[in-house]
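Each value in this text was obtained by applying a stated rule to the coordinates, not by laboratory testing. Predicted model only: the values in this text are computed from it and were never measured. No Cβ is skipped: glycine too gets one built from the backbone with ideal geometry, and neighbour counts run over all protein chains shown.
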């Protein structure tokens with residue numbers, strides 16, 4: 001038997017090593033997907049929080065404007 005660049009390992013050993021490498025690769029891909037999903041979820045949550053805050057501030061602004069219009073109408077002598 002001639003020795004090649006792969007050494008004197010048998011086909012069974014080589015296939016076992018490839019199988020182990022593929023399992024490791026699959027586990028690493030799943031771990032990376034979990035991290036990316038967590039990152040995307042965190043970004044989405046912060047965006048939702050920012051949007052909610054903007055809506056609350058906008059509604060407060062509308063309330064202030066309506067109050068100002070009512071007070072202006074009262075100051076001009078229009079009935080409440």
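So how tilted is helix 11-75 from the main axis of the chain? Cα-based, degrees 0 to 90, rounded to 10.
Relative to the chain, helix 11-75 is tipped by roughly 0 degrees.
On alpha-carbon atoms, Rg over Rh for the chain using Kirkwood Rh?
Values: Rg = 33.4 Å, Rh = 19.3 Å.
Rounded to two decimals, Rg over Rh is 1.73.
Run the helix sum for the chain: -39,500 (n - 2.57) per DSSP H stretch of 4+ residues, divided by residue count, reported at 222 nm to the nearest 500 deg cm²/dmol.
Details: 1 runs with 65 residues, N = 80.
Calculated mean residue ellipticity at 222 nm is -31000 deg cm²/dmol.
Along Cα→Cβ, 7 Å out, is where each label goes; now give me the distance between the ones at residue 18 and residue 40 in nm to one decimal.
3.2 nm
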